[in-house]
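Worksheet for the structure shown next.
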Amino acid sequence: MTPPATPSARFYVRTIEQRLRAFTGDPVCFAAGPLDQLDSDYPAERQLVARAGDKRQREFFSGRHVARQAMHRAGVAPAAVLRGPLGNPVWPAPVIGSISHDHTLAAAAVCTGSGIQGLGLDLIEHPEEVTDDLAKLIMNPGELELLSELFPDLPALGVGFSVKESVVKAVSVHLNRYMDLTEIQLVPDKQALSAQLDGFPSPLPCLVSATGIGLLTACLHRSESVWKTC
């Protein structure tokens, strides 16, 4: 299946892809589509969610479906996208990518550029639905004020949650552990926003983009941002 069939949706996909390419400086390929996939052609994928409920299976299969669309656009042969120990997608070499889903849509971005160690993507169709009671689990002092200043037309808490989810997807597999969102400190930079984490030598650039399909955020982890082990 191609990305969403309406002309406007195709326009959004192309526009988002252009924004991701400008952000990363690499030929990132993007795809999105509805949560309508009920099965997979790959037995290994089916086995991973064999005991899951219908909703989770639709999310999983639809995410993998759009991931293969993005891979196809990148010139990569279709393949199973399995699941790592942290719930992360396991991509066929040389792909680096990320998958996201929300109420009705799944989205994926992939690249094969050298030097990129991690690419995190998050899509929230209705960022205003991230409620204030979650703020202490997401934000550090001063971050809401920063995001309100940088993105005055967007709900700051929704932006913060989405950006930090992107950071987790970009780097958690390199840390080999789950991350607390408050470990991530959001700071301004020349591209608008970056994320600082203890042990990384430089901030990780982040993208915040209001699109026709919702709030889309991304985080880029390049090879020079190497985790320093003790």
Roughly what would the spin-label model give for Asp41 and Ser209, points 7 Å off Cα along C-beta, in nm? 2.7 nm
Taking chymotrypsin sites (Phe, Trp or Tyr not before Pro) as exposed when DSSP calls them loop (any state but H, G, I, E, B) and at most 15 other Cβ atoms lie within 10 Å, what is the longest stretch of the chain free of them, the sites themselves excluded? 1-177
Per the helix-only model, the chain has a calculated mean residue ellipticity at 222 nm (DSSP H runs of ≥4, -39500 (n - 2.57) each, divided over all residues, rounded to the nearest 500) of -10500 deg cm²/dmol
Using a 1.4 angstrom probe on the protein heavy atoms only, line up Ser40, Ser202 by accessible area, largest first. Ser202, Ser40
Under the rule a/c < 1.5 gives rounded, and otherwise a/b versus b/c splits prolate from oblate, where does segment 14-150 land using the Cα gyration tensor? oblate
Go through (i) 36, 18, 17; (ii) 26, 20, 18; (iii) 27, 25, 14 and flag the label whose value is the computed semi-axes √(5λ) of the Cα gyration tensor in Å for this structure. (ii)
Ranked by GNM mean-square fluctuation in the chain (Cα springs under 10 Å), the top entry among Ala22, Ala80, Ala210 is Ala22
Potential extension, Asp133-Ala93 segment - 0.36 nm per residue separation minus Cα distance: 10.3 nm
With every protein chain left in place and a probe of 1.4 Å, what is the accessible surface of Val13, to the nearest 10 Å²? 10 Å²
Cut-off under 5 Å, modelled amide H: who pairs with Ala106 long-range: Gly33, Leu35
Accessible area of segment 1-144 with a 1.4 Å probe: how many percent of it is carbon plus sulfur? 55 percent
For Leu82 and Ala22 in one chain, what is 0.36 nm times their gap in residues minus the Cα-Cα distance, to one decimal in nm? 18.7 nm
Taking the Cβ of Thr112 as the centre, find all other residues whose Cβ is under 15 Å away and add up their charges (Lys, Arg: +1; Asp, Glu: -1). +2
How big is the accessible area of Leu119 in square angstrom, nearest 10, if you roll a 1.4 angstrom probe over the protein chains? 0 Å²
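The values are calculated or read from the model by the stated rules, or taken from the named source; none is laboratory data. From a predicted model like this one, the values you see are computed outputs, not experimental measurements. As a convention, Cβ positions derive from the backbone with ideal geometry for all residues, glycine included, and neighbour counts pool all protein chains shown. Surface accessibility is based on the protein's heavy atoms, side chains included, excluding ligands, DNA and RNA. Shrake-Rupley method; radii C 1.70, N 1.55, O 1.52, S 1.80 Å.
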